[in-house]
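Single-structure report; data block below.
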Amino acid sequence: MTHTVRIASGQGFWGDWLEAPMRQAQGGPIDYLMMDYLAEVTMSIMQKQKSRDPSRGYARDFVPLMERLLPEVAARGFKVTTNAGGVNPRGCAEAVLDVARGLSLERPVKLGLVTGDDMLDRIDELLAAGHPLTNLDTGRPLSDVRDHIVSANAYLGMRPIVEALAGGADVVITGRVTDTGLTLAPMFHEFGWALDDWDKVAAGTVAGHILECGAQASGGNLLYQWQDVPGLADPGFPIVEAHADGSFEVTKHPGTGGVVSCQSVTEQLVYEMGDPNEYITPDGVADFTTIQLEAAGQDRVRVHGIAGGPRTDMLKVSIAYGYGFKAVGSLVYSWPDAYAKAQAADRILRQRLQDLGLEYEQILTEFVGVDATHGHLAGPPDPEIAEVELRVGVRARDRAPVERFTREIAPLVLTGPPSVTGFAGGRPAVQEIVAYWPALIDRTEIEPHVKVEWLES
Amino acid sequence: MTTVQLRYLAHARSGDKGDSANVGLIALAPEYYDILVREVTVERVAEHFGDMVSGVERFELPNLRALNFLLHGALDGGGTVSLKTDAQGKVYSTALLRMEVPVDDRVAAAVGNA
């Protein structure tokens, strides 16, 4: 059995490099293109867009991207798995179908549509049924923020995507499916693995974790010997070549930039890691302490030995709620005494806010160039430092004090310490804070609502 | 014995988990992993960061010659609430690499710090 399934990473987040998916499609043979669009806060942004316009609520730039990709899908026969559907996967699928019908494709394409993750309309029903949806970090009950909830979605796993692929879908569009599910599903569909083969689930989960952040596994954001990473103007996004025994290789298309090495893969493996013994997904639990990596040639790493355990009875839920408002303003002070000037400006600003009787949950001052990223660990700055950026942020439950803060930055230019610049951007914007409420829900409350449909162009 | 910065013994990547930052610390050479396990303890890391964090957890991945740290309370609320430049903890990894650890003269010479 020499069957190999090539799964290519096309997008690591909503806003990733737009050229990557086409280069994956055209740069060499692939069987699947997975594209991850959803981060914790993305769903709330999409929900806000949908509340203003019911036809929106998905990654809109996915549609013009598919206009470029669909001829490749029709001609080359690879399939696409993506969670670009956000809070409106049906709207996303219909927009893609419209585009497909406008193209002279070699053959019709079949879309798989996965819904059922959205539980916004069911919150009160679930609370009444005794599901407290307690905040996993703070232990607080959801009733604390019930009136401010913007979106609520359960994290689905690979299974509905496997079903969509089994029904012949060329492109599978979902809402809040886990990043890893987009990679797991092609492997389970192609190899016919039992859904409760937990070591295979763990292997696919590790493959998915390696692919889900795009080029971050193939030389992007790589600290190890970063000056020696070649060709990042045209980075090859990672590709997993999976085998029926659960082992796989990580590689990238020939002739592309970046690097695939044990170091590049390891940096991605530890990214956003919690307890490595228990990497929990809706599909199973992977043990990252079992992963074996071996260099296997130029830009090629072999991954094997992965073990895991059964899936849990609970699904993670991502709830977003309106928290309050924030704004961040900045000014740049130059040598001589750049740091002292920035510190003086900060004292003056805080005095003015206090004299105005404004109250904030927090005022945070950072001196960029001195302490913004490493705090006290950076030590005292060079007394001759060329410039320091004063960066002040405020947060409040009400909009008014934040709004007033944004008008207190500019006056410092003519009423504060000298040698100040960097104000061309104008007044800072007031940002509404939509915060994230992690919780768990019984799987049995969600899974009966999950639905797979097929739509043809 | 002499001391060297962790940057000469390890590379690292970090990200966020709510209000916690994670730092994966990866040995630059297989023989450095034991030094990391011995010297980069929960206590030393908590002392290194001081009031930047409220608690530290450590996990060992000998298979990857890596340690994973969870730095709790590191992100000033985290996610969208935080006002920090590094609200998602992306460069906490490099802050850990500043830490000084004792090594024997052979290792110090190998990393050019003898």
Using the Karplus curve 6.51 cos²θ - 1.76 cosθ + 1.60 with θ = phi - 60°, what ³J(HN,Hα) values do you get for each residue of the stretch A:409-421, in whole Hz, with x for Gly and Pro?
7, 4, x, 4, 4, 10, 10, x, x, x, 6, 10, 8
Kindly write out, for the stretch A:301-315 in residue order, the coupling ³J(HN,Hα) from the Karplus curve 6.51 cos²θ - 1.76 cosθ + 1.60 (θ = phi - 60°), rounded to whole Hz, with x marking Gly and Pro.
10, 8, 10, 7, x, 7, 10, x, x, x, 5, 8, 7, 10, 10
Counting Lys +1, Arg +1, Asp -1, Glu -1, what net charge surrounds A:VAL259 among other residues with beta carbon under 9 Å of its beta carbon?
-1
In Å, the Kirkwood hydrodynamic radius from C-alpha pairs for chain B sits at 14.3
18 Å Cα-Cα reach of A:LYS48 towards aspartates and glutamates, excluding residues that sit fewer than 8 places from it in its own chain
A:GLU40, A:ASP61, A:ASP117, A:ASP118, A:ASP121, A:ASP147, A:GLU432
Amide H within-cut-off set for A:LEU33, under 5 Å, with H built and near neighbours excluded
A:ALA8, A:LYS79, A:VAL80, A:THR81
Residue with peak Gaussian network fluctuation, chain B [Cα springs, cutoff 10 Å], from B:SER93, B:SER14, B:SER54
B:SER54
Under 12 Å from the 7 Å Cα→Cβ point of A:ASP98, by amide nitrogen: which residues of the stretch A:414-457?
none
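Net charge near A:ALA169, counting Lys/Arg +1 and Asp/Glu -1 over other residues with Cβ under 12 Å of its Cβ? Could the numbers behind the result be given before it?
Numbers: positive: A:LYS79, A:LYS110; negative: A:GLU163, A:ASP170, A:GLU453, A:GLU456.
Summing Lys and Arg as +1 and Asp and Glu as -1 gives -2.
Based on the Cβ-Cβ distance from A:ASP197 to A:THR444, what FRET efficiency comes out when R0 is 25 Å, to the nearest 0.05? Numbers along the way, then the final one.
Values: r = 22 Å, r/R0 = 0.89.
Given R0 = 25 Å and the Cβ-Cβ separation, E is 0.65.
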With each pseudo-label sitting 7 Å past Cα toward Cβ, what's the B:ALA29-A:GLN292 distance in nm, one decimal?
2.5
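Add +1 for every Lys or Arg and -1 for every Asp or Glu among the other residues with Cβ under 11 Å from the Cβ of B:LEU28, and state the total. Working shown, then result.
On the way: positive: B:ARG7, B:ARG65; negative: B:GLU31.
Value of the local net charge: +1.
Which of the residue pairs A:LYS326/B:LYS90; A:LYS326/B:LYS84; A:LYS79/A:LYS110 have a Cα-Cα distance greater than 19 Å in the structure shown? Intermediate results must be reported in sequence, preceding the final value.
On the way: A:LYS326/B:LYS90 21 Å; A:LYS326/B:LYS84 11 Å; A:LYS79/A:LYS110 10 Å.
Where the Cα-Cα span goes over 19 Å, the pairs concerned are A:LYS326/B:LYS90.
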Dipole magnitude of chain A, debye to nearest 20 (Cβ charges: Lys/Arg +1, Asp/Glu -1, about Cα centre)
1120
Estimated distance in nm for a label pair at A:ALA39 and A:VAL63, the labels positioned 7 Å out from Cα along Cα-to-Cβ:
2.4
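Multiply the residue gap between A:HIS3 and A:LEU136 by 0.36 nm, knock off their C-alpha separation, and tell me the result in nm, one decimal place.
On the way: separation 133, 0.36 × 133 = 47.88 nm, distance 4.18 nm.
Length gained, A:HIS3 through A:LEU136: 43.7 nm.
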Picking from B:ALA74, B:ALA29, B:ALA66, which is most flexible by a Gaussian network model of chain B using Cα springs under 10 Å?
B:ALA29
On the principal axes of its Cα set, how long, how wide and how thick is the stretch A:210-271? Give whole Å, largest value first.
37, 26, 17
Normalised by the number of residues in chain A, what is the relative contact order in percent for Cα pairs under 8 Å and 6+ residues apart?
18
Between B:ARG44 and A:SER419, with labels modelled 7 Å along Cα→Cβ, what's the label distance in nm to one decimal, could you check?
4.0
For chain A, find the longest principal axis of its Cα atoms and tell me its angle to the long axis of helix A:42-52, 0 to 90°, nearest 10.
80
Using the Karplus curve 6.51 cos²θ - 1.76 cosθ + 1.60 with θ = phi - 60°, work out ³J(HN,Hα) for each residue of the stretch A:54-68 in order, rounded to whole Hz, and write x for Gly and Pro.
x, 7, 9, x, 9, 6, 5, 6, 5, 5, x, 4, 5, 4, 6
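Under the 0.36 nm per residue contour assumption, what length would be gained going from the current alpha-carbon distance of A:LEU356 and A:LEU127 to full extension?
Between A:LEU356 and A:LEU127, full extension yields 78.2 nm more.
Rule-based calculations on the coordinates, nothing more; no lab input. Note that this is a predicted model, so its numbers are computed, not measured. Methodologically, a virtual Cβ is constructed for each residue, glycine included, from the backbone with ideal geometry; neighbour enumeration extends over all protein chains shown.
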